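Presented below is the structure to which this report refers.
The values are calculated or read from the model by the stated rules, or taken from the named source; none is laboratory data. Nothing here was measured: the structure is a model prediction, and the numbers come from that model. Just so you know, the surface numbers come from the protein's heavy atoms only, side chains and all, with ligands and any DNA or RNA stripped out. Shrake-Rupley method; radii C 1.70, N 1.55, O 1.52, S 1.80 Å.
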Amino acid sequence: MKQYAYVRVSTRTQKLDRQIKNIKVQYPDAIVIQEKFTGTSMAREEWQKLFSRVKEGDTIIFDSVSRMSRNAKEGFTAYEELYNRGINLVFLKEPHINSETYKRALRSNIQLTGDKIDYVLEGINKYLMTLAKEQIEIAFQQAEKEVHDIQARVKEGIEIARMNGKQIGSEKGTKYQVKKGITAKEIISKHSKSFGGDLSDAECMKLAGISNNTFYKYKREIANK
């Protein structure tokens with residue numbers, strides 16, 4: 001029986017370190033499965049591999065339910081299928097929906113007596129199972145709502161910025177220069193024979209530490225200023 005830690009981030013600006021650290025504190029032997037830049041979709045390569053690989057008795061640990069899915073319908077469907085396959089699911093931030101908690105709720109059926117009261121007891125048992133299922137669905141719905149709320153706030157912020165006359169994104173034709181590029185251009189301007197210096201193109205390239213294409217690109221930009 002194996003333990004897998006599934007960690008993912010939705011965008012390039014997010015990092016996996018915190019999720020891995022949180023899981024490793026409690027499950028140091030877990031095999032870490034990493035997924036990057038996934039958005040909200042369940043169609044993730046590493047997740048699909050893990051979903052197919054896990055066997056009965058294995059455990060998948062998530063830092064939170066949102067790491068499994070931020071799509072409520074797809075998330076709950078995957079949860080139910082894994083549960084029925086005998087896979088243990090652990091959510092560090094939402095332990096109330098761990099598969100073991102759900103399993104205990106289903107085991108805690110009130111014993112029937114063989115009398116008319118059984119009609120009432122059966123109703124109570126069905127209610128307990130429905131309640132446990134609803135808790136899982138709610139957790140996934142909250143994760144999905146979080147995504148929608150963030151998207152709405154971002155959209156609202158962009159609209160407010162535009163109304164205030166701020167530039168969103170880069171203006172057409174805008175060029176950004178990295179530190180190395182600025183330094184290279186300074187060397188070319190100062191030492192290239194084309195601009196009054198005493199070094200040939202090859203010597204300038206070597207001094208600036210740039211490629212042939214980059215060198216001539218920078219020369220054109222300097223000449224056009």
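Side notes on the structure shown:
- Of residues in segment 200-219 being open to solvent by 80 Å² or more (accessible area, probe 1.4 Å) and basic (Lys, Arg), the one farthest from the chain's Cα centre (by Cα): 206
- Screening the candidates 61, 33, 20 for the property of being at pLDDT 90 or above, within 20 Å of residue 136 (Cα to Cα), open to solvent by less than 70 Å² (accessible area, probe 1.4 Å) and not hydroxyl-bearing (Ser, Thr, Tyr) yields one hit, 61.
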